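Chemist: I'd like to ask you about the structure that follows.
The values are calculated or read from the model by the stated rules, or taken from the named source; none is laboratory data. All values reported here derive from a predicted model rather than from experimental measurement. With ideal geometry, Cβ positions are generated from the backbone for all residues, glycine too; neighbour counts draw on all protein chains shown. Side chains are part of the model used for accessible areas, which takes the heavy atoms of the whole protein and leaves out ligands, DNA and RNA. Shrake-Rupley method; radii C 1.70, N 1.55, O 1.52, S 1.80 Å.
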Amino acid sequence: MTHSGATYSGSGRVRLDQPLAYRDEQGNLQLYKPGEAPTILKPMTPQETEIESSDTHSSMSIRDESQVGEEGRKSGVGETYTPVMNPPRLLSRNAQTSFVSQDDEIVVPVSPVPEVKTARRRRKDVMRNDMVFKEIDQHSMRAPPLTKESLPRLVEYLVAYADNSFEKVRAFYVWITHNINYDTSGYFNRAPLRPTDPDSVLANRVTVCEGYCRLFAAFCSEAEIPAKIICGYAKSYGYQPGDDVMSDSHNAHAWNSVYIDNDWFLVDVTWGAGFVKSKERKYVSRFTNAYFLTDPEVFITDHFPFPVKSFERYESDTKWQLLEKPLSALEFCSVVNFDQCGKDWGIRSLTHHKAIIYNIEYEIDIELETMHTNISDFLAFLYEGERKIDNFIFAYMPTDKTVRVHVCMPGRGVFTLQVYARRQRDSPHGDFQPIVKYILQCNKSFDQPLTYPTHHTLYGPVKELAKYGIDSIEQGVYHVADDGEIIFSSR
């Protein structure tokens, strides 16, 4: 049943799609506005504590508010609506009153969705590295088979060892991303789409983005954590820098926002679980932290809230970018989009923030910074169409946290620059991972461009040189003598 914008299930659980209603002193229905937080009054049972009204001789039972918890008082998620026949005319608690007629229903005041605003904290404040949630991750992946048949039972298991809402949400993210596969057959119209309701997703273990989001939201609701489903467009499989993302319905997407400890955070369980290979149209299950509590300025590089007809019941307002200054659709399509490891490892551009760099003359330097992950090595490749061009590019690290990629343009035209990196913890035998891709448009080039020796790793001295009294190497000291000797200064 529905009542004034709120949806109520037969079990009495509330889905907070819109702010809930209450009755004023005249008995008229009023809607709570976003940001308002009335006192929560629980439905009453005869067994609970009696609260007597000074204005009537009647009494009614109500659950002690201390049992609700601070987070419950703020969010209201999980509160229920219960019709009560022949209630007293006045409810009184903590100076809050609700008036109803003798034969009317009680609409219990419940806090609406918390105000949507820019988050105060960054992901690094909650998750310093990917080992912070190691124990809760292991607990989530050990969920017994029996718990997976019932959503309430599964959630009860997942939150059993969680100390706070961050750990609960992390448990949901890890379980879903490790147990639900993407419905590529349905997505590419090779078969009917699988149902996206939480019970069906839990039973079938296959769905598209809407099913991932609905299951995550259902987990959060069961744990009384506010969560919303956001829809819009995303730079999904097959995306290339400069594509008009919003012109293709295949780029319609859905993700979640979750409210924890007075802040909204962004989560994409679909992309956290894996990706679709564009050529084969095949799903690859591969867990990533890149889309867990992602910072808004990073998330917006490939997720743009916008109304989508097929997802019209979900949130799509610009405010869900969670940015002080939201991006326009044009800015979204043009902003550089880092690959998953680039996001996860906290790498950002210091010099070029658009995916296509126009009007390059002769040479270009692109500088990147790693904010919270120790990177041991970078490399970069230049392409013209499908053809890889060697000897016109090199990379070096002026500092422990920055890398500079230098390209001597091999001619006029359009080229693709792909940058890769490897973490210190994965060295020396770990694979390089794609970090970011740029499109370079060159207007002028040298008649005979300078080429560099083939060297598929960083140029410059290694860190161990400090042991031998050599100062840190900065740009400008790389000088090659006539005989090929590299000259630099020492202490």
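Chemist: With the condition kept exactly as written, say whether any residue in segment 336-357 is within 27 Å of F166 (Cα to Cα), open to solvent by less than 30 Å² (accessible area, probe 1.4 Å) and of a type in the set (G, A, S).
Modeler: For segment 336-357, residues within 27 Å of F166 (Cα to Cα), open to solvent by less than 30 Å² (accessible area, probe 1.4 Å) and of a type in the set (G, A, S): present.
Chemist: Tell me whether segment 473-487 contains one or more residues that are outside any strand (DSSP E or B), open to solvent by 30 Å² or more (accessible area, probe 1.4 Å) and modelled with pLDDT of 80 or more.
Modeler: no
Chemist: Kindly provide the set of residues from segment 250-287 that are without any contact (Cβ under 8 Å) to a residue 60 or more places away in the chain, open to solvent by 10 Å² or more (accessible area, probe 1.4 Å) and among the polar types (S, T, N, Q), ordered by number.
Modeler: N251, S278
Chemist: A further question follows. Any residue that is closer than 21 Å to V174 by Cα and either outside any helix (DSSP H, G or I) or touching a helix residue (DSSP H, G or I) at 6+ places or on another chain (Cβ under 8 Å) (or both) - is there at least one of those in segment 244-253? Please lay out each step first, then the result.
Modeler: Within segment 244-253, the subset closer than 21 Å to V174 by Cα is 253.
Remaining after also requiring either outside any helix (DSSP H, G or I) or touching a helix residue (DSSP H, G or I) at 6+ places or on another chain (Cβ under 8 Å) (or both): 253.
For segment 244-253, residues closer than 21 Å to V174 by Cα and either outside any helix (DSSP H, G or I) or touching a helix residue (DSSP H, G or I) at 6+ places or on another chain (Cβ under 8 Å) (or both): present.
Chemist: Anything in segment 127-161 that is closer than 30 Å to C341 by Cβ and either among the hydroxyl-bearing types (S, T, Y) or in contact with a Pro (Cβ under 7 Å, 6 or more places away or on another chain) (or both)? List them, or say none.
Modeler: S140, Y161
Chemist: Also, quick follow-up: From the set of residues in segment 224-234 that are open to solvent by 10 Å² or more (accessible area, probe 1.4 Å) and modelled with pLDDT of 95 or more, which is nearest to E312 (Cα to Cα)? So that I can check it myself, show each step before the final result.
Modeler: Within segment 224-234, the subset open to solvent by 10 Å² or more (accessible area, probe 1.4 Å) is 224, 227-229, 233.
Filter once more, so that each one left must be modelled with pLDDT of 95 or more: 227-229, 233.
Details: A227: 17, K228: 13, I229: 11, Y233: 13 Å.
The extreme case among them is I229.
Chemist: Restricting to segment 335-379, name every residue that is among the hydroxyl-bearing types (S, T, Y) and at pLDDT 95 or above. Spell out the reasoning first.
Modeler: Filtering segment 335-379 down to residues among the hydroxyl-bearing types (S, T, Y) leaves 349, 351, 358, 362, 370, 373, 376.
The answer is S349, T351, Y358, Y362.
Chemist: Could you please tell me which pairs satisfy a Cβ distance under 9 Å, a separation of 6+ or placement on different chains, a first residue in segment 415-439 that is in contact (Cβ under 8 Å) with a residue 12 or more places away in the chain and open to solvent by less than 30 Å² (accessible area, probe 1.4 Å), and a second residue that is of a type outside the set (D, E) and part of a helix (DSSP H, G or I)?
Modeler: V419/G342; A421/C341; A421/G342; I435/C341; I435/G342; V436/G342
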